[in-house]
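Student: Mind having a look at this structure? Questions to follow.
The values are calculated or read from the model by the stated rules, or taken from the named source; none is laboratory data. No experiment lies behind these values; they were computed from the predicted model shown. No Cβ is skipped: glycine too gets one built from the backbone with ideal geometry, and neighbour counts run over all protein chains shown.
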Amino acid sequence: MLRGLEHGDSSVRLRAALAVGSAPDPAFVPRLVQRCAVEPEFFVRDMLTWALTRHPVSMTLPALLTEAGSDRAQARSQALHTLSKIGDARGWQAITPALLSDADDEVARSAWRAAVVLVPAGEEAGLAAELATQLGRGGRDTQLSLSQALVALGDAIVPVLLAATTAPGERVRTHALATQRLLRDPDAGFESAIEEAKRVAVLERPGQEGR
């Protein structure tokens, strides 16, 4: 089964990951974690994560916490994703400001998703403030991921979003306004929220008052 994880055919690797998860063995954990860092196919990576969730947390958690500090971006991203799927509160220690602002968008997005799953009760406001520093970052998918993470924190994001709507950067203001709309109306589409926010951000642009 472990040899199958490195087969040249992705369908073979997928079946191997399924087999490993179906017959958990603590000895498999290091190889599963290692493979997550290099596996090129999304569906296989997702099956590797599933296989890890089938193993004892006492074995997977230490390995994933270490992997979250890897020099390899995919290793960090997949470790954070797996920690969010395991959902053990001890995974919160992996959520650092460095990962929440990681230069790699996929790593940052994984950190945001994991953070809102793992955040301890009472820490939501601090997390909201940390996430708000990323408003305006990246393209549509990255901004949507951040908005979804912020909205998942509920009312804890209200003060930081309000502050961000008066930020000097128009991208930040627009993203904050769009996220405010999604908080009020979760069924609102992100594209329409962004378009409306752009109009509002332009109208409320600093220096426009009185013109």
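Student: Kindly establish whether ALA68 is of a type in the set (Gly, Ala, Ser), farther than 16 Å from ASP104 by Cβ and assigned by TED's automatic domain parsing to the domain that holds ALA98. Walk me through it before giving the result.
Tutor: Numbers: of a type in the set (Gly, Ala, Ser): yes; farther than 16 Å from ASP104 by Cβ: no; assigned by TED's automatic domain parsing to the domain that holds ALA98: yes.
Judged against the criteria, ALA68 is not a match.
Student: Among the residues that make up the range 51-68, is at least one of them among the aliphatic types (A, V, I, L, M) and touching a residue at least 40 places away in the same chain (Cβ under 8 Å)?
Tutor: First, the residues of the range 51-68 that are among the aliphatic types (A, V, I, L, M): 51-52, 57, 59, 61, 63-65, 68.
With the extra rule that they be touching a residue at least 40 places away in the same chain (Cβ under 8 Å), the set shrinks to none.
Among the residues of the range 51-68, not one is among the aliphatic types (A, V, I, L, M) and touching a residue at least 40 places away in the same chain (Cβ under 8 Å), which makes the answer no.
Student: Let me ask something else about it. Inside the range 1-104, counting only helices (runs of 4 or more DSSP H) that do not spill past its ends, which hold 3 or more residues that are under 22 Å from GLN134 (Cα atoms) and not acidic (Asp, Glu)?
Tutor: On the way: elements: 10-22, 29-36, 42-53, 57-67, 73-86, 97-100.
Result: 73-86, 97-100.
Student: To continue, here is another question. List the number of the failed condition for HIS81; all other conditions in (1) surrounded by 20 or more Cβ atoms within 10 Å (Cβ to Cβ); (2) over 13 Å from the mean Cα position of the chain (by Cα) hold.
Tutor: With (1) surrounded by 20 or more Cβ atoms within 10 Å (Cβ to Cβ); (2) over 13 Å from the mean Cα position of the chain (by Cα) applied to HIS81, the lone miss is (2).
Quick grid of which residues meet (1) closer than 26 Å to THR165 by Cβ; (2) at pLDDT 95 or above; (3) surrounded by fewer than 18 Cβ atoms within 10 Å (Cβ to Cβ):
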{"residue": "ALA89", "(1), (2), (3)": "no, yes, yes"}
{"residue": "ALA94", "(1), (2), (3)": "no, yes, no"}
{"residue": "LEU100", "(1), (2), (3)": "yes, yes, no"}
{"residue": "VAL107", "(1), (2), (3)": "no, yes, no"}
{"residue": "ALA115", "(1), (2), (3)": "yes, yes, no"}
{"residue": "PRO120", "(1), (2), (3)": "no, yes, yes"}
{"residue": "ALA125", "(1), (2), (3)": "yes, yes, yes"}
{"residue": "ALA132", "(1), (2), (3)": "yes, yes, no"}
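Student: Looking at GLY8, GLY4, GLY21, which one is among the small types (Gly, Ala, Ser), in contact with a helix residue (DSSP H, G or I) (Cβ under 6 Å, 6 or more places away or on another chain) and without any contact (Cβ under 8 Å) to a residue 24 or more places away in the chain?
Tutor: Within the list GLY8, GLY4, GLY21, the selection yields GLY4.
Student: Among VAL151, VAL158, which is in the same structural domain as LEU182 (by TED's automatic domain parsing), of a type in the set (Val, Ile, Thr), out of contact with any Ser or Thr (no Cβ under 7 Å at 6 or more places or on another chain) and in a helix (DSSP H, G or I)? First the steps, then the outcome.
Tutor: Working: VAL151 fails: out of contact with any Ser or Thr (no Cβ under 7 Å at 6 or more places or on another chain).
None of the others qualify; the one that does is VAL158.
Student: Take LEU18 and decide whether it is modelled with pLDDT of 95 or more, surrounded by 20 or more Cβ atoms within 10 Å (Cβ to Cβ) and in the same structural domain as GLY4 (by TED's automatic domain parsing).
Tutor: Working: modelled with pLDDT of 95 or more: yes; surrounded by 20 or more Cβ atoms within 10 Å (Cβ to Cβ): no; in the same structural domain as GLY4 (by TED's automatic domain parsing): yes.
When the stated conditions are applied, LEU18 does not pass them.
Student: Let me ask something else. Can you confirm whether the range 23-38 contains a residue that is surrounded by 14 or more Cβ atoms within 10 Å (Cβ to Cβ) and within 15 Å of the chain's Cα centre (by Cα)?
Tutor: no
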